[in-house]
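Peer 1: Provided herewith is a single structure, encoded as structure tokens, for subsequent inquiry.
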Amino acid sequence: MSGIRPTGFLHLGNYFGALRNYVRMQEEYECFFMVADLHSLTTHPDTKELKLNVHRVLSENIASGLDPDKVALYCQSHIHETAELYLYLNMLAYKGELEKTATFKDKVRQQPDNSNAGLLTYPVLQTADIIIHRASLVPVGKDQEQHLEMARNFVNRFNHRYGDVFPEPQAFNYGSELVKVPSLDGSGKMSKSENQNATLFLSDDDELVRKKVMKAKTDSGPLEKNSQKPGYIENIFLLMKLVSSDDTIKKFEEDFNNCTIRYGDMKKQLAEDMVKFITPIRQKAEAIRNDEKYLKFIMEKGAEKANKSAKATMELVRQAIGLNYY
Ligand code: AMP
């Protein structure tokens, strides 16, 4: 189970941190993937663009290879039971631990005039989203590691107090490490809302991709053979590893180690490989986004599957808590 907030176009971080895993998991597991529209209200209270953004995320999920016949692809707000589970979990979450959450502290810094209770309890709602399907694997990027640790704490408290209802959810990635896709300017990660010029979106046209990649921070090259790469150069290699062939990566690694690397050439190659990767997803997503009837059908079908699973879990939860006295 996993979700993505409809707060803008999806980017390479969303793809390699989350979506790529979704697409592989659908072949092996029973999967629930949602557009986290309720979570977006904690930071984007203006809902004028919400429907458009929900459609974008759904389209980009499908264009990236998610098959709505194989998974439950749905909208968070269509599963009303989640709100009930969120309420019960709130009694098991402590103010102190919520206030210490890194994402809460970041968001409060970013929006000091709107440090709402929804932001504070974001990890609680996220836990409810996951365990409403009694899910155990949660494909997410590295930025979600702390939230998953909190989810395990809430689950363990629930199970300890009321009996074993939920499996412990784990952050999941094919390959051992969770992924953090860095931004092109050498600082921070790709993100929907910050660093837009240093983030490659799945909706960027070819020229924009080239422009952004060519602006990535480099220097005049290493002076000593086999020296250590500075962080911003390491990032360019990391991005190359996501989309380029092994031969290409090997060539530039060797050039770096021999001090003959030309970063202009490396960025041109990276830009072309990015264009090759992004263009088919962008074109497919555009076509799907224009088909509102299809998107409505997908959401209804997804909600039906997700509601079935959520209702079954809530029967167990009410029973376990002892809310079954009539
Ligand atoms: P969000 O865009 O915050 O709703 O995140 C949706 C998913 O994308 C989550 O699983 C995040 O961990 C993942 N994600 C977002 N940005 C990145 C990034 N730069 N690198 C890796 N994963 C990311």
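Peer 1: Answer with yes or no whether residue 154 is over 19 Å from the mean Cα position of the chain (by Cα), under 27 Å from residue 177 (Cβ atoms) and aromatic (Phe, Trp, Tyr).
Peer 2: Working: over 19 Å from the mean Cα position of the chain (by Cα): yes; under 27 Å from residue 177 (Cβ atoms): yes; aromatic (Phe, Trp, Tyr): yes.
Here the answer is yes, as residue 154 does meet what is asked.
Peer 1: Of the numbered conditions (1) assigned by TED's automatic domain parsing to the domain that holds residue 90; (2) within 26 Å of residue 53 (Cβ to Cβ), residue 161 fails exactly one; give the number of that condition.
Peer 2: Every condition holds for residue 161 apart from (2).
Peer 1: Considering only segment 250-277, state which residues are open to solvent by 20 Å² or more (accessible area, probe 1.4 Å), in a helix (DSSP H, G or I) and not aromatic (Phe, Trp, Tyr).
Peer 2: 250, 251, 253, 254, 255, 257, 264, 265, 268, 269, 272, 276
Peer 1: Continuing with the same structure: Name the residue that is farthest from residue 272 (Cα to Cα), counting only residues in segment 191-207 that are open to solvent by 40 Å² or more (accessible area, probe 1.4 Å) and in a helix (DSSP H, G or I).
Peer 2: Pass one, segment 191-207, residues open to solvent by 40 Å² or more (accessible area, probe 1.4 Å): 193-197, 205-207.
Okay, now just the ones that are also in a helix (DSSP H, G or I), so 196-197, 206-207.
Working: 196: 20, 197: 18, 206: 9, 207: 10 Å.
Among those residues, the one meeting the criterion is 196.
Peer 1: What is the number of the single condition among (1) closer than 30 Å to residue 164 by Cα; (2) within 18 Å of the chain's Cα centre (by Cα) that residue 98 does not meet?
Peer 2: The single condition residue 98 does not satisfy is (2).
Peer 1: Give, as residue ranges, the helices (runs of 4 or more DSSP H) completely inside segment 70-118 that count at least 1 residues that are within 21 Å of residue 50 (Cα to Cα). Break it down stepwise before answering.
Peer 2: Working: elements: 81-90, 95-99, 102-110.
Counting at least 1 such residues, we get 81-90, 102-110.
Peer 1: Inside segment 1-11, can you point out the residues that are at pLDDT 95 or above, more than 8 Å from the ligand (Cβ to nearest atom) and within 21 Å of residue 196 (Cα to Cα)? Even if it seems obvious, please write down each step before you answer.
Peer 2: Step one: of segment 1-11, the residues at pLDDT 95 or above are 1-6, 10-11.
So of that shortlist, the ones also more than 8 Å from the ligand (Cβ to nearest atom) come out as 1, 6.
Answer for segment 1-11, where residues must be at pLDDT 95 or above, more than 8 Å from the ligand (Cβ to nearest atom) and within 21 Å of residue 196 (Cα to Cα): just 6.
Peer 1: Moving on. For segment 40-49, state whether one or more residues are acidic (Asp, Glu) and either modelled with pLDDT under 95 or farther than 21 Å from residue 283 by Cα (or both).
Peer 2: Taking every residue of segment 40-49 in turn, at least one turns out to be acidic (Asp, Glu) and either modelled with pLDDT under 95 or farther than 21 Å from residue 283 by Cα (or both).
Peer 1: Next question. Residues that are under 24 Å from residue 194 (Cα atoms), open to solvent by 40 Å² or more (accessible area, probe 1.4 Å) and among the hydrophobic types (A, V, I, L, M, F, W, C): does segment 110-124 have at least one?
Peer 2: yes
Peer 1: Within segment 12-26, work out how many residues are open to solvent by 10 Å² or more (accessible area, probe 1.4 Å) and more than 7 Å from the ligand (Cβ to nearest atom).
Peer 2: Residues meeting the conditions: 5.
Peer 1: Would you be able to tell me the number of residues in segment 44-77 that are open to solvent by 30 Å² or more (accessible area, probe 1.4 Å) and either under 25 Å from residue 107 (Cβ atoms) or free of Cβ contacts under 8 Å to residues at least 12 places away in the same chain (or both)?
Peer 2: 12
Peer 1: Examine segment 27-39 for a residue that is more than 13 Å from the ligand (Cβ to nearest atom) and either in a strand (DSSP E or B) or not assigned by TED's automatic domain parsing to the domain that holds residue 304 (or both), and state whether such a residue exists.
Peer 2: In the first step, residues of segment 27-39 are kept if they are more than 13 Å from the ligand (Cβ to nearest atom); the result is 27-32.
Now restrict to residues that are either in a strand (DSSP E or B) or not assigned by TED's automatic domain parsing to the domain that holds residue 304 (or both): 32.
Yes, segment 27-39 contains a residue that is more than 13 Å from the ligand (Cβ to nearest atom) and either in a strand (DSSP E or B) or not assigned by TED's automatic domain parsing to the domain that holds residue 304 (or both).
Peer 1: Of all residues in segment 219-235 being touching a residue at least 12 places away in the same chain (Cβ under 8 Å) and touching a strand residue (DSSP E or B) at 6+ places or on another chain (Cβ under 9 Å), which is surrounded by the fewest Cβ atoms within 10 Å (Cβ to Cβ)?
Peer 2: 231
The values are calculated or read from the model by the stated rules, or taken from the named source; none is laboratory data. Owing to the predicted nature of the structure, the values given are computational and were not obtained by experimental measurement. All Cβ positions, even for glycine, are placed from backbone atoms using ideal geometry, and neighbour counts span all protein chains on display. Just so you know, the surface numbers come from the protein's heavy atoms only, side chains and all, with ligands and any DNA or RNA stripped out. Shrake-Rupley method; radii C 1.70, N 1.55, O 1.52, S 1.80 Å.
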